[in-house]
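These notes concern the structure reproduced below.
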Amino acid sequence: MQIGPYQLENNLMVAPMAGITDRPFRQLCRSLGAGLAVSEMLSCNPKVWQTAKSMGRMDHSGESGIRSVQIAGADPELMAQAAQFNVSNGAQIIDINMGCPAKKVNKKLAGSALLQYPDLVEAIVKAVVEAVDVPVTLKIRTGWDVDNRNGVEIAAIAEHNGIQSLAVHGRTRACMYKGYAEYDTIKAIKGSVSIPVVANGDISSPQKAKQVLEYTGADAIMIGRAAQGRPWIFREIDHYLKTGEILPPPAITEVRSILMEHLVNLHQFYGEAMGPRIARKHVGWYLQTHDEDRQFRRVFNALETPETQVDALNEYFETYC
């Protein structure tokens, strides 16, 4: 899988997820087999670039691998400026968000709401591509709703205006995350363009990854929710695609090691006040299959300092093991 001049180590990508794909999570997924990890979306509004949240999202210090930064907005000029700003801040790839279904994003005509307006899609893509000298990629859904699946039309606009890779989530905006992803539209898009196409949606196992790649003809797959609390899914899929073998699930000792490293990195990245709060959701995802009665998670979610969280998790694993 290649995007512009960048050769990825494999064809597995981490989907950009707001509040999740921060630097600690991206680095973790990269270390466990992801070829590319796209950052959580940044607003094109320059008024928010100096906020603590945006500054954290822009932090790529010490980050390994190719730095792909997603931007969101509906104004072509502001999107172009945001692209330039992030390239100056270290972005090697700019990704345009036209896939987010969140109401607060869509009401500003950003994210997947843009799929209703192909002319505006073209204006934004053209402005961003012309503004920077790095590859520009695009993430979309199959359309606004099931009666308006215009992914093939949007893909043609993207290719014609210089987009170098297109990721497609197999749901419309109206579908949100309900039901099942459909791959027929992704297959049709892949058959209609010559740029790389990345399939996204409901890929939660090595077998499903292979099935989706074969059915759609996509060049790569992108994984979001299935990596929450299971970042080793990239290693499992990569191994299966290369060998046809299913890796055994990680031993509880490895889960402990991965989780504790992630926890400490979250504490360091966000600080003593926010770090423990951010850590709660990640710990909850890791322990879904272990802490089935949620008893430990209820205790953990009440802890407010890094030290108490580390101690509680160590005690939990000592007891569990």
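The values are calculated or read from the model by the stated rules, or taken from the named source; none is laboratory data. Everything numeric here is computed off the predicted structure, so don't read it as measured data. When we count neighbours, we look across all protein chains shown, and the Cβ atoms used for this are built from the backbone with ideal geometry, even at glycine. Just the protein is used for accessible areas: all its heavy atoms, side chains included, with ligands, DNA and RNA removed. Shrake-Rupley method; radii C 1.70, N 1.55, O 1.52, S 1.80 Å.
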**Request:** Could you provide, to the nearest whole Å², the per residue accessible area of region 1-146 with probe 1.4 Å?
**Result:** 38 Å²
**Request:** Return the sequence-ordered ³J(HN,Hα) values of region 78-94 in whole Hz as given by the Karplus equation 6.51 cos²θ - 1.76 cosθ + 1.60 applied to θ = phi - 60°, using x for Gly and Pro.
**Result:** 5, 5, 5, 5, 5, 4, 5, 4, 6, 5, 5, 9, x, 5, 9, 9, 10
**Fill in**
Bridge orientation stat for the chain from DSSP, antiparallel percent rounded to 5, came to 5 percent
**Prompt:** Of the heavy-atom accessible surface of the chain (probe 1.4 angstrom), what whole percent is carbon and sulfur?
**Reply:** 50 percent
**Message:** Please list 3J(HN,Hα) in residue order for region 17-24, calculated via the Karplus relation 6.51 cos²θ - 1.76 cosθ + 1.60 where θ = phi - 60°; whole Hz, with x for glycine and proline.
**Reply:** 9, 4, x, 10, 7, 7, 4, x
**Request:** With a cut-off of 14 Å, note down the residues of region 26-42 whose backbone N falls inside the zone around a label point 7 Å from the Cα of residue 9 toward its beta carbon.
**Result:** 26-38
**Prompt:** Taking the mean number of other Cβ atoms within 10 Å as a proxy for protection, how do you rank 97-108, 16-27 from highest to lowest?
**Reply:** 16-27, 97-108
**Request:** Report the equivalent ellipsoid semi-axes for region 157-231 in whole Å, largest first, defined as the square roots of five times the eigenvalues of the gyration tensor built from alpha carbon atoms.
**Result:** 21, 14, 12
**Burial order of peptide ranges 3-9, 244-250 (average beta-carbon count within 10 Å, highest first)** = 3-9, 244-250
**Prompt:** Using the reciprocal of the averaged 1/r over all distinct C-alpha pairs, how large is the Kirkwood radius of region 95-249 in Å?
**Reply:** 15.9 Å
**Request:** Would you kindly derive the ³J(HN,Hα) couplings of region 202-207 from the backbone phi angles with the Karplus curve 6.51 cos²θ - 1.76 cosθ + 1.60 (θ = phi - 60°), listing them in order in whole Hz, with x for Gly and Pro?
**Result:** 6, 8, 10, 7, x, 5
**Prompt:** If the convex hull of the alpha-carbon atoms of region 21-150 is projected onto planes in all directions, what is the mean projected area in square nanometres?
**Reply:** 8.1 nm²
**Prompt:** Add -39500 (n - 2.57) for each DSSP H run of 4 or more in the chain, then divide by its residues: what number comes out at 222 nm, to the nearest 500 deg cm²/dmol?
**Reply:** -14000 deg cm²/dmol
**Fill in**
The answer for region 216-299, accessible area per residue at 1.4 Å probe in Å², is 48 Å²
**Request:** Could you name the lysines whose alpha carbon sits less than 18 Å from that of residue 281, not counting residues in the same chain fewer than 8 places away?
**Result:** 53
**Item:** Pairs beyond 18 Å (Cα-Cα), from 210/242; 126/187; 47/108; 208/242; 187/210
**Value:** 126/187
**Message:** If I stretch the segment between residue 145 and residue 299 completely, what's the gain in nm (0.36 nm per residue apart, minus their alpha carbon distance), one decimal?
**Reply:** 51.3 nm
**Only Lys, Arg (+1) and Asp, Glu (-1) charged, at Cβ; the chain dipole about Cα centre in debye** = 620 debye
**Fill in**
Sorted by chain and number, the residues with a modelled amide H under 5 Å from that of residue 167, at a separation of 5 or more or across chains, are 138, 139, 140, 198
**Asked** If the convex hull of the alpha-carbon atoms of region 194-321 is projected onto planes in all directions, what is the mean projected area in square nanometres?
**Response** 9.3 nm²
